[in-house]
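Okay, structure first, notes after.
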Amino acid sequence: AVPRTKILATGGASHNKKILQVLSDVFNAPVYTIDTANSACLGSAYRAIHGLVAEMDVSLADVVKLAPEPRLAVTPAAGAEEV
């Protein structure tokens, strides 16, 4: 089975539920957020760490194991996929 798409929203717009709902409805996927300041910088830092340890066969999934857990913000509205 193919896993369903999920969206991880970060930055200022991720605090606006209406924007998140539009994303969810358009892509027919749940939207998650992370309560972390400067989350884009955090993502860049994880990728940099992954680059440093890539020679040791460490996966990106292993690098981000300790990352903050995303929380579900919104799900697609009923009938959104029909629109």
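Condition check ((1) among the acidic types (Asp, Glu); (2) in contact (Cβ under 8 Å) with a residue 40 or more places away in the chain) across all residues:
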| position | (1), (2) |
| --- | --- |
| Ala13 | no, no |
| Tyr32 | no, yes |
| Ala45 | no, no |
| Asp57 | yes, no |
| Lys65 | no, no |
In the stretch 30-74, what count of residues is obtained for those that are part of a strand (DSSP E or B) and touching a helix residue (DSSP H, G or I) at 6+ places or on another chain (Cβ under 8 Å)? 4
Could you go through the stretch 33-43 and let me know if any residue there is at pLDDT 90 or above and within 15 Å of the chain's Cα centre (by Cα). yes
Of (1) in contact with a His (Cβ under 7 Å, 6 or more places away or on another chain); (2) closer than 28 Å to Thr75 by Cβ, Leu20 satisfies all except one. Which? (1)
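The values are calculated or read from the model by the stated rules, or taken from the named source; none is laboratory data. Since we're looking at a predicted model, the values are computed, not measured. Cβ atoms come from the backbone with ideal geometry, glycine included; neighbour counts cover every protein chain shown.
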